[in-house]
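Chemist: The structure's right below; bear with me while I get my questions together.
The values are calculated or read from the model by the stated rules, or taken from the named source; none is laboratory data. A quick note: this is a predicted structure, and the numbers were derived from the prediction, not measured. Virtual Cβ from ideal backbone geometry, glycine too; neighbours counted across all protein chains shown. Each accessible area value is taken on the protein alone, full model and side chains, heavy atoms only, with ligands, DNA and RNA left out. Shrake-Rupley method; radii C 1.70, N 1.55, O 1.52, S 1.80 Å.
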Amino acid sequence: MQKTKKMNTETNDEIRQFKSMKQDEYKTSKRATKVDIDGVKAALDSYDKKGVKRKSEDGNSSEKKDWKKLKAEKKELKMKRKEKNLGSSERYELSLQVKKIWEELRQANCKKERQKELCKELMSKVHGKLRSMIYAHDTVRVIETLLAKGGEEYRTLVFEEVKDDLVNLSKIKYARFFVLKILRYGTRAQKDHVISSLKGKVVKLMKHKIASDVVELAYNDYANAKQRSMMVQEFFGPQFRLFHEDDVKCLDDALKKHPEMREYILKDFRSALQPIIDKGVFTNTMVHTLLKDFLSSCSVGDRNGVIEALKESLVPIIHTRDGARVAMLCLWNGCNKDRKTILKSFRTHFVKIATEEHGHMVLLAAFDCVDDTQFMKKVVLSELMDEVDKLVGSDYGLRVLRYLVAPRSPTFFQPCVLAVLRQGDGNEASKKDTNIRQRELQAVVSIPILRMLLANLEHWAVNPNWTLFIGAAVKTLVGSERETIFHKMAEMYSKPYFPGTEGHVLELAHTTKMITYFIKCDKERHEAQQETFSSILLKKAEDELVGWTNCNRGCFLLANMIETEIPEIVSHIKKLLTPHKDKLANQKFIGAEVLLKKI
């Protein structure tokens, strides 16, 4: 009972405290509201009914703010603040003076004589004070303009003053632009000095967000082969960082020369490369080279780790040769899941990739190794076929179409390209037979490509750049459009021909070669119970076949039709030409002799 009473007493005390607190809050808010209302009334009373400001008791209107004075005070404060940032008023005054000169010097219409005068005046003011000016975002631009327009004399003076501090300048946000200007406009000796100053520090600078730009420009644009190998060697370990070897050009050379150090070299290489991978800094071409070398030589476990880190970040790097090789190595050595992730990251970029000099090679590698052709249809080929006209307008886009139509064909691809693509053969993740994979991909692209050819056949059939592609497409792709192409080509050959007829397709060597290829493939079509081009040609041009015997190409076409060994075609041609044997015997070209033997 006593405990219950005690609890009731405590509860009542809390209720009283809560009530008193709320009453105090109410009184405070009421007082604040009253003050606000009084302020509003006072403000309203200062204006009359017409909204004009009331005059004060002495008859003058209330004082107006002097805006000019306020602006002057604000400007003065701004100048003081700048002086404080620069360290002294002298440096501030100097920055104002050089920027006035710079404003005139940087103009495109500034005459050469005036440029010389301004450069001389500018150099006299900044000489001995360059280091302090290079660190600021505004004055560093003045020095950059002096380097660009001042000539070799002023570049040498500026360079000599700061040449011992180039590495530190490379790490500073605005000063690094000065170092970049030296690389672009300096003499060969000055560029070599900049590159040699990076010795032993390349790995650290590549990890630096700002300084990596300097290393990239030096490596990609201005370093010679020896200097490039020197920069790359620093990733192989401390030994190579201190003592460069002239006969080591890449990681593979180092591993061959020092096989006993293979484990240590790869370990140091991975430890130097890992922070760059973790930061996602893949835009530098030097990183592309390093990644390609590492993926080509590392262990399976390390390779899988790098692929896992890169698989969603390959789009920015495949525009370079080594970057494209990195993407190809990831596709070849990754599992099926990794391959799909990589290709999904290319979405909306497939057409751009297909029309790039190096990027299109990545798509060719994907066509060779990805077994899931339904995935390829939905993700890759659908996007490419929707914009097939853009592929046709590019030499590299056309290579992609050629590879789909005639993969690994020496007719369309050079041996060096085929050698690169063969590096991906026999990978562990690709299980499907190569011929089956190729046929499934061709089944997807057949209709879009054949329709494109049909729409442009009149022009492309007489264009030597297209006849080989049309021949390959007609051989491998299947669809009703193919028979339509056959009929159109047969109509072109059904026109009357006489020796020397201008514009006739028999006078075009490349078009006749394409038709020869059509005819040679008829034997396979006949065995597959498909309609043959020779049968269509006989129907369309039967009345003109005898006239073909007047030219060498026409005789060879007729001989090729006999060589198909299709009974109906052979008997039909022999029946037409047998009465003209004497005419063929009198012809002096080789085609007539060959045809006469066939008959």
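Chemist: Average the reciprocal distances over every distinct pair of alpha-carbons in the stretch 265-338, invert the result, and give the Kirkwood radius in Å.
Modeler: Working: mean 1/r = 0.0829 Å⁻¹.
That comes to 12.1 Å for the stretch 265-338.
Chemist: Within the accessible area of the stretch 450-560, what % is carbon and sulfur when the probe is 1.4 Å and the other protein chains stay in place? Display every interim value, and only then the final one.
Modeler: Values: 2450 of 4960 Å².
Ligands and nucleic acids excluded, carbon and sulfur reach 49 percent.
Chemist: In addition: How about LYS432: which aspartates and glutamates have a C-alpha closer than 12 Å to its C-alpha, ignoring those fewer than 8 places off in the same chain?
Modeler: Straight-line reach from LYS432, under 12 Å: ASP368, ASP371, ASP372, GLU440.
Chemist: What residue among HIS526, ALA473, LEU404 has its Cα farthest toward the positive end of the dipole of the chain, where the charges are +1 on Lys, Arg and -1 on Asp, Glu, each on the Cβ?
Modeler: Checked the options; the winner is LEU404.
Chemist: Helix 112-126 versus the longest principal axis of the chain: what is the Cα-based angle in degrees, 0 to 90, to the nearest 10?
Modeler: Approximately 50 degrees, to the nearest 10.
Chemist: Of the peptides 524-537, 297-310, how do they stack up when ordered by the mean number of other Cβ atoms within 10 Å, highest first?
Modeler: Values: 524-537: 17.5, 297-310: 15.8.
The packing order, highest mean first, is 524-537, 297-310.
Chemist: On average, how much accessible surface per residue is there in the chain, in Å², for a 1.4 Å probe, leaving out ligands, DNA and RNA?
Modeler: Values: 33640 Å² over 599 residues.
It amounts to 56 Å² per residue over the chain.
Chemist: I need the peptides 384-393, 255-264 ranked by packing, meaning the mean over residues of other C-beta atoms within 10 angstrom, with the highest value on top. Provide the component values of the computation, followed by the final result.
Modeler: On the way: 384-393: 16.1, 255-264: 12.5.
Packing proxy ranking, top to bottom: 384-393, 255-264.
Chemist: Let me ask something else about it. Quick one: give the max-minus-min coordinate of the C-alpha atoms of the stretch 444-565 along each principal axis, largest first, in Å.
Modeler: 43, 31, 19
Chemist: Provide, in order from the shortest bin, the percent of all Cα-Cα pairs of the stretch 120-222 in each 10 Å bin, continuing until the bin that contains the maximum pair distance.
Modeler: Percent of Cα pairs in each bin: 15, 54, 27, 4, 0.
Chemist: Could you work out how far helix 139-149 tilts from the main Cα principal axis of the chain, as a 0 to 90 degree angle to the nearest 10?
Modeler: Roughly 40 degrees, rounded to the nearest 10.
Chemist: How much of VAL380 can a 1.4 Å solvent probe reach, expressed as accessible area in Å² and rounded to 10?
Modeler: Surface open to solvent at VAL380 totals about 0 Å².
Chemist: What is the magnitude of the charge dipole of the stretch 324-411 about its Cα centre, with +1 placed on the Cβ of each Lys and Arg, -1 on the Cβ of each Asp and Glu, and no other charges, expressed in debye to the nearest 20?
Modeler: On the way: 13 positive and 11 negative charges, 48 e Å.
That gives the stretch 324-411 a dipole magnitude of about 220 debye.
Chemist: Highest mean first, how do 371-377, 413-419 rank when packing is the count of other Cβ atoms within 10 Å averaged over residues?
Modeler: On the way: 371-377: 16.3, 413-419: 11.6.
Ranking the peptides 371-377, 413-419 by packing returns 371-377, 413-419.
Chemist: For the stretch 162-202, what does the equivalent ellipsoid look like in terms of its semi-axes, each the square root of 5 times an eigenvalue of the Cα gyration tensor, given largest first in whole Å?
Modeler: Values: eigenvalues 43, 35, 11 Å².
Listed largest to smallest, the semi-axes of the stretch 162-202 are 15, 13, 8 Å.
Chemist: Using helices alone, what [θ] at 222 nm do you get for the chain, with -39,500 (n - 2.57) per DSSP H run of 4 or more residues, divided over all residues and rounded to the nearest 500?
Modeler: Working: 38 runs with 413 residues, N = 599.
Counting only the DSSP helices, I get -21000 deg cm²/dmol.
Chemist: Pairing the Cα long axis of helix 467-476 with the longest principal axis of the chain, what angle in degrees results, from 0 to 90 and rounded to the nearest 10?
Modeler: Orientation of helix 467-476: about 80 degrees from the principal axis.
Chemist: Whole number please: convex hull volume per residue of the Cα set in the stretch 165-324, in Å³? Please list the in-between numbers first.
Modeler: Values: hull volume 17.6 nm³, N = 160.
Value for the stretch 165-324: 110 Å³ per residue.
Chemist: Two-decimal Rg/Rh of the chain from alpha-carbon positions, Kirkwood Rh? Before the final figure, lay out the partial values.
Modeler: Values: Rg = 40.4 Å, Rh = 32.7 Å.
With Rh from the inverse mean 1/r over Cα pairs, Rg/Rh is 1.24.
Chemist: Right, another one. Along the positive direction of the dipole of the stretch 430-585 (beta-carbon charges: Lys, Arg +1; Asp, Glu -1; about the Cα centre), which of ASN456, SER571, VAL505 reaches farthest?
Modeler: Looking along the dipole axis, the top candidate is ASN456.
Chemist: How big is the dipole moment of the chain about its Cα centre under a simple scheme where the beta carbon of each Lys and Arg is +1, that of each Asp and Glu is -1, and everything else is neutral? Debye, nearest 20, please.
Modeler: Details: 107 positive and 83 negative charges, 647 e Å.
Here the chain has a charge dipole of around 3100 debye.
Chemist: Please report the relative contact order for the chain, taking Cα pairs under 8 Å with a sequence separation of at least 6, and give it as a percent rounded to a whole number.
Modeler: Numbers: 575 pairs, mean separation 32.6, N = 599.
Across the chain, relative contact order equals 5 percent.
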